[in-house]
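A.B. asks: If you scroll down you'll find the structure; I have some questions about it.
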Amino acid sequence: MLPLHKEERKVKRVVCNYKLKVKYRLRKGLLPAILCFLLSDACFGQGVLSALAEMHSVSKGDTWESVAAERGVSVEELRAANPDVKSDKLKKGSFLIIPTRPQPPQEESGRDGQGEFIPVLDGPGSVLVRTMKTELKVGVLLPFAEKKMVEFYRGLLMAADSVRQSGVNLDIHAWDSGSSMSQIESLLPQISGFDVLFGPVSATQMPAVAEACREQGTRLVLPFWSGQALLDDYPLVYNATAPGPVFYDAAVKKLVSYYGDKNFVIVHSGNTDNLDKSLSEKLSQVLSQRTITPRFLELEGDDFAYESAFNQFRDNVIVLDDSSVRSLGILLARLKDFRKKHSEYRLSLIGYPEWQDEKEQFIDDFFSFDTYIISSYYFNEYDERTKLFQQNYEKSFHTSVVQSTPCYATFGFDLGCYFLSGIRNLGDTFEQMQGGQPQVPYQYWFSFERNASGMSFTNKFVQFLHFTPERMIELIR
């Protein structure tokens with residue numbers, strides 16, 4: 001098994017079905033966010049949005065009364081925010097959610113929908129004014145003829161319902177965007193005064209919507225666009241799904257940083273329709289810059305070719321240049337044949353986000369070959385918190401969540417919470433401070449970075465889903 005980077009450490013282990021276990025690894029500085037993610041989902045059922053709450057680490061001698069007094073809340077409010085903590089005695093090292101109270105509008109501010117003005121330092125000699133909003137106007141432009149878009153929108157509505165618990169009024173407008181320019185042009189006059197707009201999906205519609213948002217000063221969130229450089233020069237555009245080259249650039253940097261001393265083997269599939277060479281090409285480029293020479297192997301090569309590419313005395317990291325199921329199946333069959341003859345070789349496999357769709361079919365092979373799947377999302381359908389979300393969804397909309405990878409309902413919820421709670425709390429400083437807000441996602445984490453000064457934002461979050469030989473899944477962030 002490949003070793004952890006020296007700055008990573010295990011946080012928590014959660015038992016799942018499959019007789020699998022999931023444990024979380026992270027780099028220093030992310031502990032509060034991960035702990036929020038792992039807390040009981042009973043908070044959602046009680047209408048408490050932990051994404052908007054602070055966390056309190058219980059110290060020796062802490063009691064319900066002392067923590068409530070320290071944090072300026074009542075004991076009843078504190079207990080209501082932590083329904084999973086049944087004991088009257090608090091356990092040292094555990095975490096409590098500190099409930100946030102709605103912020104009343106400040107009439108003296110003279111601005112509709114604005115709350116308290118909070119000064120925030122932004123470098124030496126400069127001060128930003130953070131305005132906690134009490135009203136948000138939200139727009140949604142999606143092609144609702146597609147079932148997955150309806151599911152995404154329902155998740156977004158569940159996020160809005162949770163954010164309302166913090167005391168913010170939400171005015172939500174939704175339109176069926178279709179896919180034609182004529183349909184979107186008829187809707188453009190209605191895009192006015194929004195704090196944030198989600199959608200559209202069609203690339204032909206995006207420039208016109210982005211221009212309208214620029215004129216209005218509206219943040220435009222694109223949930224599903226992964227194409228290249230369409231709206232780069234729009235500073236209030238947020239691309240939630242990074243284009244392949246951008247995503248793999250971030251992934252390769254992390255991969256080489258962690259495991260640069262291994263023997264990298266790049267496998268050529270020979271697939272002429274392959275669109276996934278960004279990973280292998282970027283990896284070759286970065287390795288050469290570090291004077292590391294990868295080895296190359298043809299997928300259909302014989303046993304001698306495989307033995308020549310692998311190193312008997314080092315960990316071998318295998319990167320296929322194709323995400324297709326066909327190429328994956330061939331590679332796994334070859335690796336199993338090779339291992340029967342050469343059991344002394346240490347082999348690890350690097351995989352693509354799409355491989356999560358094949359988890360049922362290849363789960364044993366993933367564990368056997370110490371597989372690392374690169375992905376921006378992970379949906380754990382066996383987690384109790386996820387199950388409660390699905391129950392709430394079914395109760396609200398009288399239908400079950402569609403079982404897909406990724407799950408569109410939780411994607412809508414995660415993205416909605418990130419922007420609605422963030423804009424509510426950070427106001428006009430959202431662009432400067434959004435990277436530091438806590439996240440409690442069901443599936444997606446977000447790390448938006450500007451593509452360049454004055455340009456749009458792209459989500460560049462990358463994690464590794466590690467299927468260990470001990471039949472555990474580690475999330476390495």
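A.B. asks: Which condition does GLU381 not pass, out of (1) over 30 Å from ILE266 (Cβ atoms); (2) modelled with pLDDT under 90; (3) outside the structural domain of TYR238 (by TED's automatic domain parsing); (4) in contact with a Ser or Thr (Cβ under 6 Å, 6 or more places away or on another chain), if it passes all the others?
C.D. replies: That leaves (4) as the condition not met.
A.B. asks: Another question about this same structure. Taking the condition of being surrounded by 20 or more Cβ atoms within 10 Å (Cβ to Cβ) and not hydroxyl-bearing (Ser, Thr, Tyr), how many residues in the range 320-331 meet it?
C.D. replies: Qualifying residue count for the region: 5.
A.B. asks: What are the pairs, 6+ residues apart or on separate chains, where a residue within the range 393-405 that is in contact (Cβ under 8 Å) with a residue 60 or more places away in the chain has its Cβ under 9 Å from a residue that is surrounded by fewer than 12 Cβ atoms within 10 Å (Cβ to Cβ) and outside any loop (DSSP other than H, G, I, E, B)?
C.D. replies: Within 9 Å, the pairs are VAL402/LYS147.
A.B. asks: Does ILE350 count as buried (at least 17 other Cβ atoms within 10 Å of the Cβ) and of a type outside the set (Asp, Glu)?
C.D. replies: yes
A.B. asks: Going residue by residue through the range 174-186, is there one that turns out to be out of contact with any Ser or Thr (no Cβ under 8 Å at 6 or more places or on another chain) and modelled with pLDDT of 95 or more?
C.D. replies: The answer is no, given that none of the residues of the range 174-186 is out of contact with any Ser or Thr (no Cβ under 8 Å at 6 or more places or on another chain) and modelled with pLDDT of 95 or more.
A.B. asks: Which condition number does VAL317 fail, the rest of (1) within 27 Å of the chain's Cα centre (by Cα); (2) surrounded by fewer than 19 Cβ atoms within 10 Å (Cβ to Cβ); (3) under 16 Å from ASP261 (Cβ atoms) being met?
C.D. replies: The failed condition is (2).
A.B. asks: Let me ask something additional. If you check LEU230, LEU297, which single one turns out to be touching a residue at least 24 places away in the same chain (Cβ under 8 Å) and closer than 28 Å to TRP445 by Cα?
C.D. replies: Step by step, each of LEU230, LEU297 is checked, and only LEU230 is touching a residue at least 24 places away in the same chain (Cβ under 8 Å) and closer than 28 Å to TRP445 by Cα.
A.B. asks: Same structure, new question: If I go through the range 289-312 residue by residue, how many of them are under 10 Å from VAL265 (Cα atoms) and of a type in the set (S, T, N, Q)?
C.D. replies: Final tally of qualifying residues: 2.
A.B. asks: Related question: Would it be correct to say that TYR306 is in a loop (DSSP other than H, G, I, E, B) and either surrounded by 19 or more Cβ atoms within 10 Å (Cβ to Cβ) or under 23 Å from the mean Cα position of the chain (by Cα) (or both)?
C.D. replies: No.
A.B. asks: Also, quick follow-up: For the range 195-299, please list each of the strands (runs of 3 or more DSSP E) lying entirely inside it that holds at least 3 residues being more than 20 Å from LEU331 (Cβ to Cβ).
C.D. replies: 196-198, 219-222, 237-239
The values are calculated or read from the model by the stated rules, or taken from the named source; none is laboratory data. This is a predicted model, so every value here is computed, not measured. Glycine also receives a Cβ, built like all others from the backbone with ideal geometry; neighbour counts cover every protein chain displayed.
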